[in-house]
1. Please count how many residues of the range 249-273 are free of Cβ contacts under 8 Å to residues at least 24 places away in the same chain and either buried (at least 16 other Cβ atoms within 10 Å of the Cβ) or touching a strand residue (DSSP E or B) at 6+ places or on another chain (Cβ under 7 Å) (or both).
2. Restricted to the range 93-121, and to residues that are touching an Asp or Glu at 6+ places or on another chain (Cβ under 6 Å) and not small (Gly, Ala, Ser), which residue is nearest to residue 18 (Cα to Cα)?
3. Any residue in the range 16-38 that is of a type outside the set (Gly, Ala, Ser), under 23 Å from residue 69 (Cα atoms) and part of a loop (DSSP other than H, G, I, E, B)?
4. Restricting the search to the range 157-213, which residues are surrounded by fewer than 17 Cβ atoms within 10 Å (Cβ to Cβ), out of contact with any strand residue (DSSP E or B) (no Cβ under 9 Å at 6 or more places or on another chain) and under 20 Å from residue 375 (Cα atoms)?
5. Is it the case that the range 128-138 has a residue that's within 30 Å of residue 204 (Cα to Cα), part of a helix (DSSP H, G or I) and not aliphatic (A, V, I, L, M)?
6. Can you tell me which residue within the range 11-30, out of those that are surrounded by 17 or more Cβ atoms within 10 Å (Cβ to Cβ) and in contact with a helix residue (DSSP H, G or I) (Cβ under 6 Å, 6 or more places away or on another chain), is farthest from residue 126 (Cα to Cα)?
7. What pairs come out if I take residues in the range 311-329 that are assigned by TED's automatic domain parsing to the domain that holds residue 362 and pair them with residues that are in a loop (DSSP other than H, G, I, E, B) and basic (Lys, Arg) whose C-beta lies under 8 Å away, six or more apart or interchain?
8. Considering 152, 98, 134, 141, which residue is surrounded by 14 or more Cβ atoms within 10 Å (Cβ to Cβ) and not basic (Lys, Arg)?
Amino acid sequence: MVKTTAKILLVEDNPLDARLIREIMKNSRMLFFELFCVDTLAAAIKKLESNTFDAVLADLSLGDSQGIDTFWKIHNQSPTTPVIVLTGTDDESLALELLQKGAQDYLIKGQLNRNQIERSISYALERHKILDELNKSRESLAATKEKLEEALSNINAEMETARRVQKSFLPQDTFKINGLAINAQYLPTGRVGGDLYDIVPLDDHRTAVLLVDVAGHGVPAALISAMAKLSFSRHIHKGISPQEIFQCVNNELVHYMPPERFVTAILGIIDTQNMEFTYVRAANPPALLCHKETNICDYLATTGTFIGLFPDVQFEQKSEPIRRGDKIVMFTDGLIECTDDQGKQFGKIKLENTVSSISSLNAKEFNLEIINRIKNYTTGLPQSDDVTMVTVEMT
């Protein structure tokens, strides 16, 4: 068996006790001791100043120091060196106090034997090794934590920049244009989301309203929604029909869309001269047309698959007559799919009942009341999807 070498400082002013300990340690079967002996506290402090020891065996009663104070001065000089106390007093309360203050062991000189010293020093060395490894692990974790905090700070800064950029893509949330009062509400699940909306005046009586929703949320969804909006904006200004706009946007995005992503959308053009609403949707929830005279709400459904999945798909276009005072409510699926604490969705029926009960409110009040009811329904629980709604009131 290969012996472990241990460099030990013995602090003992009794020559007989020092000699006994030296003989015991010389004949050790487990450890090879490199022993250094001093007989005063001052000499021990000097040795510890200029040398590194694996452990210290220290008598508490020395010519220049007595009691616990001896341990404290040795421990303070070399806090990381294990200290084993030697004493001629069998005092359990003293032993407990010393162990609580950091001593590794408490040995009574009159009961010393080879096994006891070997075991005490071996345990002290092993505990010191474990503590040293724990301290190194703690330092490593602290360094890792610092790096993670720095990385998180950078990510937060980038996310804030992304939020500001995305916000710049959105028009103002409330305005009047072409005989319309329009309000939009946008609630991303994070700092940025996959929803976007746009309001585009085409001439003095036609206004385009667009909602885009990308599967997922966060930065990837935000980037794709921005790309989709730019594509829609480019084609909306060409003066072509909503159906043709969807086909053009789909044929563009299908080349860039990651396989796990897709876009839902709804686009409507409101003509206040001919009092007509022309619309196309791609897998987005249908818009609600709320008639002022009857307080009845109709879903405006058309067929059309996701944008960006398949080339050359067809989208159905429809038109509906509108009247003064009517409201058109467009929303992403995050609104009806938000859940309460039991996992139950808000749903279409609850939305229809809510819309009918508040139809007399103006567009802004109307939207804010729906958002308020959504928040009450979810009781502040985090949701899995962004919520966007745009309400257009024919004034």
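The values are calculated or read from the model by the stated rules, or taken from the named source; none is laboratory data. No experiment lies behind these values; they were computed from the predicted model shown. Note that each Cβ is placed from the backbone with ideal geometry, even for glycine, and that neighbours are counted across all protein chains shown.
1. Result for the range 249-273: 1.
2. Taking the candidates together, the pick is 109.
3. no
4. 190
5. Checking the range 128-138: not a single residue is within 30 Å of residue 204 (Cα to Cα), part of a helix (DSSP H, G or I) and not aliphatic (A, V, I, L, M).
6. Only one residue fits best here, namely 17.
7. Final answer for the pair search is 323/292; 324/292; 325/292; 326/292; 327/292.
8. Matching residue, one of 152, 98, 134, 141: 98.
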